[in-house]
Structure formats: C-alpha cells, structure tokens
1. Give segment 185-221 a look and list any residue that's of a type in the set (A, V, I, L, M, F, W, C), out of contact with any Leu (no Cβ under 6 Å at 6 or more places or on another chain) and not in a helix (DSSP H, G or I), or say none.
2. What's the total number of residues in segment 240-259 that are touching an Asp or Glu at 6+ places or on another chain (Cβ under 9 Å) and closer than 19 Å to residue 282 by Cα?
3. Consider segment 149-179. How many of its residues are assigned to a helix (DSSP H, G or I), out of contact with any Pro (no Cβ under 8 Å at 6 or more places or on another chain) and farther than 17 Å from residue 216 by Cα?
4. Of all residues in segment 44-102 being charged (D, E, K, R) and within 20 Å of the chain's Cα centre (by Cα), which is surrounded by the most Cβ atoms within 10 Å (Cβ to Cβ)?
5. Does residue 182 satisfy the criteria of being in contact with a Leu (Cβ under 9 Å, 6 or more places away or on another chain), under 16 Å from residue 266 (Cα atoms), in a loop (DSSP other than H, G, I, E, B) and free of Cβ contacts under 8 Å to residues at least 60 places away in the same chain?
6. So for segment 171-180 (the condition being at positive phi and not basic (Lys, Arg)), does at least one residue qualify?
7. Here are some conditions: (1) farther than 28 Å from residue 111 by Cβ; (2) crowded, with 21+ Cβ neighbours inside 10 Å. Residue 218 meets all but one. Which one does it not meet?
8. At least 1 residues that are within 25 Å of residue 181 (Cβ to Cβ) in each: list the helices (runs of 4 or more DSSP H) lying fully within segment 226-323 that qualify.
Amino acid sequence: MKSLVLSVSPNTSTDRISVVENFVPGEPSRTLFSFDQAGGSGAHATDIAQQLGSDTRTLVLLGSYNRDRWKVIAEQHHMPYDFVDIGVPNRSTFVLIDKHKGNIAEVIDAGPQVPADTGQKLFTLIESYLDQTGLLILSGSLPPGMAPDFYVQAIELARSYQVKCLVDASAAPLQHALKARPWAIKPNLYEFHQIVGTKTTTIQEHIQQLSRISDTIADVILLSLGQDGLLVAIKDNIWHLTAPNHGVTLPDTSAINTIGCGDALVGGFSYGYVRGQDVVESACWGVACSTATLGTFGVPAIDPDQVRELFKRIQVAAVLEKS
C-alpha cells in the first residue's frame with residue numbers, strides 16, 4: 001500500500017494560541033505564553049500523523065504576511081508541505097485558553113476571496129502527489145471564490161488514481177462531497193444531524209440513524225461523539241470506541257482543551273490506516289490521539305509516547321453486527 005498521507009486544507013489558517021490565567025469576560029487578560037501554529041484542519045491532521053511516524057504532506061493556500069508566519073512555524077516543526085500562493089492573506093484563527101478552565105474561545109475568519117484560477121492550481125498540485133498517496137484527507141471549509149463542488153472534483157480525481165478519500169467537512173462542502181460518495185467521512189454530531197435530517201441525543205439513537213445511512217453515503221463513517229467516544233460504521237456493522245478513565249488534563253490542572261480533537265482523530269486514523277491496519281484498529285489510533293490532545297495547548301498537539309499508551313487502553317464494543 002502507498003504510504004503517503006496527503007491532506008488538503010483549501011481555507012488554510014495561520015493560528016494564534018494565547019494561554020491566560022483566571023480569565024474573566026470583559027476584563028483584561030495577560031498571556032502566560034502565546035504561539036503561532038501552522039493551521040488548516042488538514043494540516044493539523046497530517047501533523048499528528050507525522051508525529052506518530054507517517055510520511056505526510058499537507059497542501060495549503062497561503063498568501064502575504066500570513067503565508068510567511070505559516071511557513072516559519074511549519075518549517076520549525078519540520079512539517080512537509082506544498083502550497084498555492086493566493087496573493088492575499090490566508091485567514092487567521094485565534095484561540096484563547098485558560099490554564100485552569102481549558103479552552104475559552106476559538107475565533108475563525110471566513111477566509112479571503114481567492115483568485116478564479118485557485119481551484120485549478122490546487123488540483124494540479126494534488127495530482128502531482130497522487131501516485132504516492134495512500135490516503136487523501138479533504139478537510140475544512142472552502143474560501144470564497146472556490147467552486148462549491150471542489151471536493152467532488154477532488155474525490156473523482158483521486159479515484160482515477162485509485163486513492164481513497166477521507167472527508168472532514170461540514171455544511172455545503174460536506175453535502176457536495178457526499179454526492180461523490182467518498183470512501184470515508186468523519187462528522188461530529190452537529191454535522192451528523194445535518195446529514196440524517198434529525199437530532200439524536202442518546203447513543204442508541206445515534207446508532208439507529210447511523211445504521212440507516214451506513215453504506216449509502218460512504219464506505220466508512222467515523223461519527224465523533226466528543227466525550228462519549230467514537231462510532232465506527234462499515235456497511236451493516238457498527239462499533240463503539242471509548243477511552244475510559246484516561247485522566248488526560250492540561251498540565252497541573254483539571255482542565256482540558258477540546259479544540260482540534262477532531263483533527264487529531266483524523267490524523268491518528270490516517271496513521272493507522274496507511275500502515276495497513278484495519279478500519280477499527282486505525283480508529284483506535286484516532287481516539288487515542290483525540291484523547292491525548294485534551295491535555296495540550298496546541299490545537300491539536302500530542303505526545304506520541306502517551307498516544308501509544310492510550311492506544312492500548314481503547315475499548316471496542318460491537319454494537320451492531322449484521323455481516
């Protein structure tokens with residue numbers, strides 16, 4: 001199996017994370033420390049996969065001063081990347097974390113109006129890597145000016161190279177992508193409710209609706225339930241994965257940082273899958289990564305040794321088996 005984990009983040013962000021103490025709304029807060037991060041949810045995912053040992057490449061859209069900030073931090077972290085220069089600043093994301101309260105706010109720009117030829121340039125860049133790609137991650141929103149069916153075209157391009165796609169998106173980009181039936185999708189509950197057209201509140205309700213759509217929109221559905229773990233659906237089979245009693249918190253506190261857990265899940269899953277592991281075992285890596293990032297200030301970030309220990313403790317329960 002080809003081993004490259006390739007991600008595409010069309011609406012790339014340059015992230016700024018600030019950590020404060022004793023945050024009070026309306027009152028000034030002085031940072032304990034701040035740092036930049038090379039963002040875009042696909043970039044986050046491949047960064048996680050790379051830290052675990054995968055061969056990765058993230059493809060992004062960058063421009064102006066935010067391009068320079070993004071590139072500096074990516075190179076400091078030895079993150080393999082390639083990019084299309086859009087000539088205008090790619091978007092910014094600001095994250096505020098209180099050391100004792102956990103994540104407080106995530107402020108996300110809409111993204112810049114990109115030139116009309118941006119999509120075609122990005123397709124050309126994607127195609128140049130598909131011969132070596134084991135899994136293509138299509139992640140996040142689309143900036144203004146990109147075709148709303150960009151992910152459909154990307155899935156079809158990857159399919160022509162026999163490359164599987166994992167889509168991690170919401171709203172219109174996800175709805176368009178589903179028309180092309182990607183190999184895998186990773187919705188959270190909000191996105192899942194958009195797909196099924198109804199709200200579910202209990203594990204059993206999630207399973208019931210998941211079984212209804214399983215194998216109709218994608219071969220694999222990774223339904224993220226937050227603190228309740230992950231449901232993995234393959235055809236008529238569903239498993240529930242959890243990381244019980246993990247005890248992961250921010251350093252020296254009982255707080256957690258939930259921002260980026262979904263990206264970490266995708267990164268861990270991709271790491272396992274391109275190593276030749278099956279979907280459920282790969283999903284265990286995803287849950288381990290998602291759990292580990294609860295205790296870090298990065299969005300996301302992991303300690304690979306901690307992830308390997310957590311992986312051993314992931315519990316897997318078959319909740320629906322028909323084949």
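The values are calculated or read from the model by the stated rules, or taken from the named source; none is laboratory data. Keep in mind that this is a model prediction, so the values were computed, not measured. Positions of Cβ are generated from backbone atoms using ideal geometry, with glycine treated the same way; all protein chains shown enter the neighbour counts.
1. Hits for segment 185-221 are 185, 218, 220, 221.
2. 2
3. Qualifying residue count, segment 149-179: 8.
4. Our first condition is that a residue be charged (D, E, K, R); within segment 44-102, this holds for 47, 55, 57, 67-69, 71, 75, 82, 85, 91, 98-99, 101.
Right, trim to within 20 Å of the chain's Cα centre (by Cα) and you get 47, 55, 57, 71, 82, 91.
Working: 47: 30, 55: 17, 57: 19, 71: 17, 82: 13, 91: 22.
Filtering first and then ranking leaves 47.
5. The answer is yes for residue 182.
6. yes
7. (1)
8. Ranges flagged: 261-274, 279-292.
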